[in-house]
Structures are given as C-alpha cells and as structure tokens.
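Here's the structure, in structure tokens; my notes come after.
The values are calculated or read from the model by the stated rules, or taken from the named source; none is laboratory data. Every value quoted in this text rests on a predicted model; they were computed, and no experiment measured them. A quick note on method: Cβ atoms are made from the backbone with ideal geometry, for glycine too, and the neighbour counts reach across all protein chains shown. Each accessible area value is taken on the protein alone, full model and side chains, heavy atoms only, with ligands, DNA and RNA left out. Shrake-Rupley method; radii C 1.70, N 1.55, O 1.52, S 1.80 Å.
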Amino acid sequence: MSSHSKPALTFTSSKQSTSQLHRSLQNKQHSAAFRVSAQSSLSAASEPAGYAQRKSDTRARGDVRTLAVAEAVGRDLGSHEEEEEIEANTGDERELPAFDWKAHWYAVGVVQDMDPSIPHPLTILGQPVVLWYDRNEAKWRCFLDQCPHRLAPLSEGRIDEEGRLQCSYHGWSFEGRGACACIPQAASEGPEAKAAANPRAAVRTFPISEAGGLLFVWPDSDPKAAYKAAYSRLPLTPGVADDWMTSHYARDMEYGYEILVENLVDPAHVPFSHNGVGGINRKSAAPLEFRITRMDHTGFFGRGVSGSFAPNTVGGNEFLAPNRFSYTRTTPRDDGSESNFIITVHVTPRGPGKSRVILSTYAKTLNEKKVKTGLLARVKGFNFRRLLFRFRPRWLTHLVLDAIFDGDAVFLRGQEIALQTTPANASATSAVDERGVRKVDAPREYFMPTPADRFVLAFRQWLNRYAGGGVPWAELGVPELDVKLTSREAVMDRWHQHTTQCTTCSGALEKARTAQKALWVAAALLVAATLVAGQAWGPLARGGLVSLALLSTAAGFALNGLVQRFIYTGYNHAK
Ligand code: FES
Ligand SMILES: [Fe+2]
C-alpha cells in the first residue's frame, strides 16, 4: 500500500470545534491524497504517468496559463529564448493567486531520531516553533515557541509529570491542544482560579502531521489555516510501499532554501563536490543530458536522456512545489524483474540563509521471480540485501550523509553571499527587492552552456514564474540575510546541525566515548600490572601485557577519529 493512502493527518488546536471538524475531514483528505498520488507516480511511458490527467484537470479548471505551459511537453525548456516563446503562448492567461509560502506542509523531522522526552526548537519561515511529544494522546505537537505569560521560549522548558509542556520560567503548563492547564502562581479560588481558562493563556498551535516516518508542519497558526491544512496533501514520496527499505536523515544548513534546492536538483555537481565520499570519484564526471517535460504551478518533471541517468534506466525527477524533489530510478534486471530506488529531499526554509533538509532513500529490491524458486534464492536475493540493510548501523549512513552535505557547504554559502551582494543587473541599486527577495535571472546571471544544468534552470524558472522569485522574507517580517562570511567551521558544524538533534548519532557518539574511556583505563591497568609484577613474571608475560596496553591505547586513539566525525571534520576540495 502506498504511504499516500494513509496520511494519518493530525493537527493541534485549542478549539475543540476545529478538532471535530478536522476529524470529519479526514476521509476526504484520504481520498484526495490517493488521487494525487496516482497522478504523481512516475513511469517509463513517453510522458509522465498522470500527465494526461493533469492536462484534463487543467482544462476542466480553465487554467489557461498552466495549460499553455503544460502543453510544452517534450519541448526543452532550457534556453531563455524558449522560455519567452512559452510565455508568449499563454495568450489571455489568468493571473494565478500570489504564491502563499505558508500554505504548504513542510517536513521538519525524522521521528525515529527525535527524543520524545524533550522539546525541540525550530524556526520555520522565520517563526520560532517548538515540537514536542504529547504522550497523553501519542502525538507530536507544534506550538509557537513563546509562552503566553511573558514570551519566554517554551523549547527551554520540559515535559512535566502529567505529560504536558511546561515553561521553565514560571512553570505554566500546556496540554496538547495548547490550552493552559496550570498556573502555579494563581490562587485556587477567586478570579485567579479562572486565569488558566482565559483564551489569552493558551499557546498558539500549528497543524502537524506524522506520516512515513517524518513529521510535517503547516507553518500558519491562524485557526482558519487548520481547515486548509486538513484538505491539503502531504508531500510524501509517491509509489513507496510499506515494505521498502527506507532511511531518513535530517540536517540544518547554513544557507537558504533557494540555494539548497538549486543544489539538490543538480546531479552534475556530485562527482566533484563529493569526491572521495562513499566511492564517488571526480573522474566519473561526464556529459549529462536532462530534459524538462512538464512545468506548472505545482512544480516540474524531467528525466535524463543521456549519460548515467539514461537510457538503460527508467524513471524521472519531480519537483513538487515548493519543497520536495524526488529522483526515481527503475533499473531493469536480467531476470525480467526490476529494482527501484528513490531519493527524496525535503527542504524547509527556516530563515534567510537558513534551511533544513531531510533526505530519504527508498529501495525496493524484492526479486519476485527468485523468491518463488526456493530458500537459497531468497537468501541470495531479497533477504540478503535486506539483511545488509538491517545490520548496517544507521549512524554510519548518517556519517556518510554528513560528509556529503559538508562537501557542498562552502560552495553554497559562498554562492548565496555572492548573489546577495551582487546586483541583478547594472541599473539595480540593491540586490534584494522590497519583498526581501533576491530574484535570480538564471540564464543571464549564470553561464550554463550544457544540458546538465537543466534542472537548475527549471527550478529558477519555476521560482520566478510561480513563486515570486523566492521566499519574501520582508513580507514575512523577518530580518534580511546576514551576509557576513560565516566561518568554515560554522558552515560545516555537523555537531549542532545534526548530531545533537539526532538520537541515533548522539547515542553512537556516547557509546564511542564510553568505549574510548574503557580502552584507556584498560591500557593504564595493564601497564600498572606490568610494573607491579616486576621481575616476578617472565619477559614473555610482561611483553604480552605491554603489547595489550599498546593495542588498547591505539584502539582508543582510533576511536578518537570516529568521535571527531560526529563533531566536525571539514572538507578539503584541493586534495
Ligand atoms: S514566561 Fe512562561 S511561565 Fe512565565
Ligand atoms: Fe544521525
């Protein structure tokens, strides 16, 4: 069953009536999600599966502009000239409503890696929020990270004995729907006894949903937003079944949404930017040709037509606006079956120059034919692969991904600062407009002579055409990007960006440190034993003890390297 078919949508609200309405909407959301899932699935057909349906839906809506762009299927949207031609074809287009950045679900966390016993702070679209686990209703909650009492951050609080979120400044406690449950300073009789029930004592809540191992937040605390959130589908990866091998990783990045998405839709950088990580070699760089086959306000779709992404693999790459990009690869196998592999990245804008990425990998390696031929075939095929997947430590996968994201960090932060400090054209006095957007005219400002950059161009085209060129930070009331050059250490600070927020990695780090201490204590004891024994033991025994002490010390130092990998390693691209 596709994960789309069970969105398990929930949201928090201090209004009981809203909650009841939400529950009544769940079935509608359920079926809507299924329909969209079917439209979004990728296939080997000449046009993306669901494309015909999209065209039909588009016509039914009378959305002339979307239809005109969508009918450019098969046309390469790569050049600026072609872009102008498509614009000209839109004729008497209707204006789409302004892009509402708050009216979307954003991935905010990997449930398996989040400690449910503590509150977790996060900034999303410039708004400070706190995520916490409400054990009374077995649900994650998202509150504004400001206590209604005197605005202290609730994320500095704790989960109290009753399972409520408690502000640690004066001890006010809040139940899962945001209502204040306790004011320790209020008298138990008289007007003060009713203070907790005052709506002003309730904390603002945001819709939140858990699905497919991830948490999603709708970053609008207006009570009316809950209705829209309930009707909107989650940006889950289409076509993934429950039995697929799945892995998730989350990290905060010191560069913004636009630059991060541009990087993630660009496979051409991988051999160089990640040289030396997980077998990636810069010598493997080769021409790549991608073609965009659909673009509308919901995103775009494209596929490889030559190079390592084609033609012996089937699949495609889909950007689901504004925050999900999926690479889907289906590789035919000799026995007639196929293996499926999907990488999905979710990008969440935290603030100007700050984002959160969640990378998920999904693999289906079940070999249907071999499974039927007997136990040995099962061991060689499906079960063996699954065994490897199960026993490879999660923290090891996370360390590889730490290194992957380190590889891009200095480039992206530098590119972002270059864009912010360089006027878009000679007559511009400021690079950033009054909405707080640095609109990038990619064909003019970048020089991208090969089709390897098609997805980058497509993203910038989509951003400019449908989303105002970027997140309008000034309109959202968020101070603009601080362009002071951040140190390399801060940009690649995997300790704060990942390890401290990941129970898997912080747990592995703790074990490594404990093992390190044990090895050094063992080495000291062995040396002491050798000295105490003195001449009473023969040279062979003493030599053995000293060798063991040396081995123990060496193992302790070796673990030092592992410990450091959870904190900071940097990245030397000059090697
Ligand atoms: S500021 Fe939170 S209880 Fe006072
Ligand atoms: Fe981790």
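Below are the figures for this structure:
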| item | result |
| --- | --- |
| Two-site FRET efficiency, Lys224 against Glu475, from Cβ-Cβ distance with R₀ of 22 Å, rounded to 0.05 | 0.70 |
| Low-density loop cleavage sites - GluC sites (Glu not before Pro) in the range 123-202, where at most 14 other Cβ are within 10 Å (DSSP) | Glu137, Glu161, Glu162, Glu189 |
| The range 197-246, dipole about Cα centre (Lys/Arg Cβ +1, Asp/Glu Cβ -1), debye to the nearest 20 | 380 |
| Separation in nanometres of the label points that stand 7 Å from Cα toward Cβ, at Asn572 and Ala558 | 2.2 |
| Computed lengthening from Asp115 to Glu161, 0.36 nm per intervening residue step minus Cα-Cα distance | 14.9 nm |
| Computed over the range 512-565: relative contact order in percent, which uses C-alpha pairs under 8 Å that are six or more apart | 58 |
| Packing rank of 123-130, 452-459, 541-548, where each peptide gets the mean count of other beta carbons within 10 Å, highest leading | 452-459, 123-130, 541-548 |
| Pairs from Lys194/Lys228; Lys139/Lys364; Lys102/Lys194; Lys139/Lys228 whose Cα-Cα separation, in the structure shown, is over 23 Å | Lys194/Lys228; Lys139/Lys364; Lys102/Lys194 |
| Zone residues, the range 150-176, relative to Ala187, backbone N less than 12 Å from point 7 Å out along Cα-to-Cβ | none |
| Neighbour-limited loop hits for trypsin sites (Lys or Arg not before Pro), the range 199-294 (at most 15 other Cβ within 10 Å; DSSP other than H, G, I, E, B) | Lys224 |
| Spin-label pair Ala138/Ala533, simplified geometry with 7 Å Cα→Cβ offset, distance in nm | 5.7 |
| Efficiency of FRET from Cβ geometry, His496 and Ala103, R₀ 25 Å, rounded to 0.05 | 0.25 |
| Accessible area expressed per residue, the range 512-565, with surrounding protein chains retained (probe 1.4 Å, Å²) | 64 |
| R0 of 56 Å, Cβ-Cβ distance Asp334-His297: FRET efficiency to nearest 0.05 | 0.85 |
| Loop-resident sites, the range 473-533, for GluC sites (Glu not before Pro), counting at most 15 other Cβ within 10 Å (DSSP) | Glu475, Glu480 |
| For the range 223-264: rounded, prolate or oblate by the Cα gyration tensor [a/c cutoff 1.5] | oblate |
| Computed lengthening from Asp433 to Arg282, 0.36 nm per intervening residue step minus Cα-Cα distance | 50.5 nm |
| Spacing of the two label points (7 Å from each Cα toward its C-beta) at Arg150 and Glu95, in nm | 4.7 |
| Extension gain, Phe447 back to Thr421 (0.36 nm per residue minus Cα-Cα distance, nm) | 7.5 nm |
